[in-house]
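The values are calculated or read from the model by the stated rules, or taken from the named source; none is laboratory data. Source: prediction; values computed, not measured. With ideal geometry, Cβ positions are generated from the backbone for all residues, glycine too; neighbour counts draw on all protein chains shown. Ligands, DNA and RNA are excluded from the accessible area calculation, which covers all protein heavy atoms including side chains. Shrake-Rupley method; radii C 1.70, N 1.55, O 1.52, S 1.80 Å.
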Amino acid sequence: MIDAVLFDLDGTLVAYQQSYSDFMRRIAASWQILDEGDPFFAAYSQAILTDGPVTFRSAIEKALLASGRSLHGDADEKCKRAVADYVSGIELLPWATDLLERYAHLPKAIVSNGPFDMQLATLQKFDLHRLVDEVIISGDPEVGIRKPNPAIFHLACERLRVEPSRVLMIGDNETADIKGAGDAGLQAVVVTDLVCVR
Ligand SMILES: [Mg+2]
């Protein structure tokens with residue numbers, strides 16, 4: 001029996017359909033970083049994969065500091081533009097609406113790893129937050145933990161007031177979603193096993 005369903009976001013309901021390296025090159029160029037071997041890139045990747053509160057701006061700030069730079073005065077505006085640039089490349093996957101409707105009768109949450117502002121902007125682009133009862137984003141200061149840590153799955157179950165063993169996690173990542181949910185005592189299924197992939 002299933003009492004509630006958790007959905008991963010990226011790769012499960014939506015996907016970035018452009019080149020992520022091109023996006024990163026545009027971001028770096030806006031800070032006059034043109035060398036692709038610059039430590040900025042590794043520092044940014046590390047910053048967005050860290051537990052604790054994370055936003056695009058905080059990750060950029062860490063990456064700039066780690067590569068011997070600092071934020072300029074117009075950082076807020078640049079970061080806002082960058083998040084908009086990122087979200088313009090996100091598209092709803094063809095099965096997303098059907099999948100959410102299939103579980104319309106059950107409590108639902110989206111459980112996503114990522115910077116708080118980027119994930120929120122993604123949800124808002126497609127109004128996905130209105131189709132679920134709870135949104136749990138690792139970079140949210142009130143969350144601060146990433147899948148596959150069982151604690152993030154338990155937080156989702158608590159918020160939905162359901163027993164972990166009666167919750168189904170649907171995701172595309174074998175480690176973060178499937179193993180993580182399994183370790184937390186949930187049921188889990190890979191999204192491609194549920195839908196007809198074009
Ligand atoms: Mg995913």
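Say we look at the range 118-146 and pick out the residues that are within 15 Å of the ligand (Cβ to nearest atom) and part of a loop (DSSP other than H, G, I, E, B); which of these is farthest from F23 (Cα to Cα)?
R146
What are the residues in the range 147-198 that are β-branched (V, I, T), more than 16 Å from the ligand (Cβ to nearest atom) and either out of contact with any Leu (no Cβ under 7 Å at 6 or more places or on another chain) or in a helix (DSSP H, G or I) (or both), if any?
Within the range 147-198, V162 is the sole residue that qualifies.
Of all residues in the range 64-80 being open to solvent by 60 Å² or more (accessible area, probe 1.4 Å) and farther than 21 Å from E36 by Cβ, which is modelled with the highest pLDDT?
K80
Condition check: of a type in the set (K, R) and either surrounded by 15 or more Cβ atoms within 10 Å (Cβ to Cβ) or within 22 Å of A82 (Cβ to Cβ) (or both). Does R146 satisfy that?
When the stated conditions are applied, R146 passes them.
Check every one of the strands (runs of 3 or more DSSP E) wholly within the range 1-117 and list those with 1 or more residues that are more than 17 Å from the chain's Cα centre (by Cα) and in contact (Cβ under 8 Å) with a residue 60 or more places away in the chain.
By residue number, 4-7.
When both residues are 6+ apart or on different chains and their Cβ atoms are under 7 Å apart, which pairs have a first residue that lies in the range 163-179 and is closer than 18 Å to R146 by Cβ and of a type in the set (S, T, N, Q), and a second that is outside any helix (DSSP H, G or I) and within 10 Å of the ligand (Cβ to nearest atom)?
If the second residue must be outside any helix (DSSP H, G or I) and within 10 Å of the ligand (Cβ to nearest atom), the pairs left are N173/D8; N173/G11.
Given the condition at positive phi and at pLDDT 95 or above, answer yes or no: does some residue in the range 86-96 qualify?
No, the conditions are met nowhere in the range 86-96.
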